[in-house]
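**Q** After the structure tokens below, expect a handful of questions from me.
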Amino acid sequence: MGDIGCYSLGILPPFEVLKTNISMGASLGIIKGMAMAHEAANMAKPLVSVIGDGTLFHSGLSGFADLATTKHNITVIVLDNRTTAMTGGQPTPTTGELGEEPHTTNIAAVLMSLGIGDVTVADQFDYSSTKTVISEAMKRDGLSVVIVTRPCALNFRIREPHFYVDREICISCRACIGVNCPPISMQVYEGQSKKNSYINPHMCVGCSVCSQVCPVKAIKCSAVRGEGQA
């Protein structure tokens, strides 16, 4: 189930992972209704919804309070990017954890105070670990909450050393393209006839996820070899 935020793009190509997108906080109400419908139809299927930190504090707490004691297999992923990104980057109650505001609110503590015991915090830039956390949460009955915590790269001007593609190693498998990161594309390098992956160094913020999914380790950090592109 989707919700309103910059992550609403997940309902569109190339992602197409969200099936609903109605209003702020609706993902929590819809997922409960969907779980009840599945139960009535005798369908055993895990359900997942997403909600951002700004939307959570705007209209999501009541939904979480309602879901706290559910016995259905429901996983909610809280996308805590420390800002209300969809409307211009206004602060949220969690922004203070980055030193931007004097006040800060811990989402995990708030959710546990509502009686939700299954709360996990994950770093989504650690691809393998986050994938495991979400996969395991989807196996458990009741409500599981996964909070992913990286701040908005645009709002906070995150700029780690960029990554580049070693075209001599790249096998054009497009695993990195599957990450759907805007700086990554396929192009024909000079002196070659086939397309290889390419990372725009001016757009890359250095999250490293593409390098983590590359099966042949062709994507490398520019800090190791000095600035430049292969």
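**Q** Within the range 164-173, can one find any residue that is within 21 Å of residue 131 (Cα to Cα) and out of contact with any helix residue (DSSP H, G or I) (no Cβ under 7 Å at 6 or more places or on another chain)?
**A** Scanning the range 164-173, I find at least one residue that is within 21 Å of residue 131 (Cα to Cα) and out of contact with any helix residue (DSSP H, G or I) (no Cβ under 7 Å at 6 or more places or on another chain), so the answer is yes.
**Q** Condition first: closer than 15 Å to residue 212 by Cα and free of Cβ contacts under 8 Å to residues at least 12 places away in the same chain. Can you find one or more residues in the range 130-144 that meet it?
**A** yes
**Q** Among the residues in the range 33-46, are any among the hydrophobic types (A, V, I, L, M, F, W, C) and within 20 Å of the chain's Cα centre (by Cα)?
**A** Scanning the range 33-46 turns up no residue that is among the hydrophobic types (A, V, I, L, M, F, W, C) and within 20 Å of the chain's Cα centre (by Cα).
Matching residues to (1) aliphatic (A, V, I, L, M); (2) assigned by TED's automatic domain parsing to the domain that holds residue 49; (3) over 28 Å from residue 44 (Cβ atoms):
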| residue | (1), (2), (3) |
| --- | --- |
| 114 | yes, yes, no |
| 122 | yes, yes, no |
| 133 | yes, yes, no |
| 155 | no, no, yes |
| 172 | no, no, yes |
| 177 | yes, no, yes |
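**Q** Only residues that are closer than 23 Å to residue 118 by Cα and polar (S, T, N, Q): list them for the range 138-164, please.
**A** Within the range 138-164, 144, 149 meet the criteria.
**Q** Return the residues of the range 110-156 that are over 18 Å from the mean Cα position of the chain (by Cα), in a loop (DSSP other than H, G, I, E, B) and not aliphatic (A, V, I, L, M); say none if nothing qualifies.
**A** Matches in the range 110-156: 115, 117, 118, 139, 140, 141, 142.
**Q** Return only the number of the condition from (1) surrounded by fewer than 15 Cβ atoms within 10 Å (Cβ to Cβ); (2) at pLDDT 95 or above that residue 12 does not satisfy.
**A** Among (1) surrounded by fewer than 15 Cβ atoms within 10 Å (Cβ to Cβ); (2) at pLDDT 95 or above, the lone unmet condition for residue 12 is (2).
**Q** Right, something else. Filter the range 51-79 down to the residues that are among the acidic types (Asp, Glu) and either in contact with a Gly (Cβ under 6 Å, 6 or more places away or on another chain) or surrounded by fewer than 24 Cβ atoms within 10 Å (Cβ to Cβ) (or both) and list them by number.
**A** Hit for the range 51-79 is 66, nothing else.
**Q** Return the total of residues in the range 168-213 being within 20 Å of residue 156 (Cβ to Cβ) and of a type in the set (Val, Ile, Thr).
**A** Residues that pass the stated criteria total 2.
**Q** Based on what the data block shows, is residue 82 surrounded by 18 or more Cβ atoms within 10 Å (Cβ to Cβ), on the phi > 0 side of the Ramachandran plot and at pLDDT below 90?
**A** Yes: the conditions hold for residue 82.
**Q** Take the range 139-154 and flag every residue that is of a type in the set (A, V, I, L, M) and touching a Leu at 6+ places or on another chain (Cβ under 9 Å).
**A** 143, 145, 147, 148
**Q** Right, another one. Residues of the range 146-187 being more than 19 Å from residue 10 (Cα to Cα) and aliphatic (A, V, I, L, M), which ones?
**A** 158, 165, 169, 171, 186
**Q** When only residues in the range 161-193 that are of a type in the set (Ser, Thr, Tyr) and outside any loop (DSSP other than H, G, I, E, B) count, which is surrounded by the fewest Cβ atoms within 10 Å (Cβ to Cβ)?
**A** 185
**Q** For the range 194-205, which positions are in a loop (DSSP other than H, G, I, E, B) and either β-branched (Val, Ile, Thr) or crowded, with 18+ Cβ neighbours inside 10 Å (or both)?
**A** If the condition is that a residue be in a loop (DSSP other than H, G, I, E, B) and either β-branched (Val, Ile, Thr) or crowded, with 18+ Cβ neighbours inside 10 Å (or both), then 204, 205 are the ones that fit.
The values are calculated or read from the model by the stated rules, or taken from the named source; none is laboratory data. Treat the numbers as computed from the prediction; the structure is a model and nothing was measured. A quick note on method: Cβ atoms are made from the backbone with ideal geometry, for glycine too, and the neighbour counts reach across all protein chains shown.
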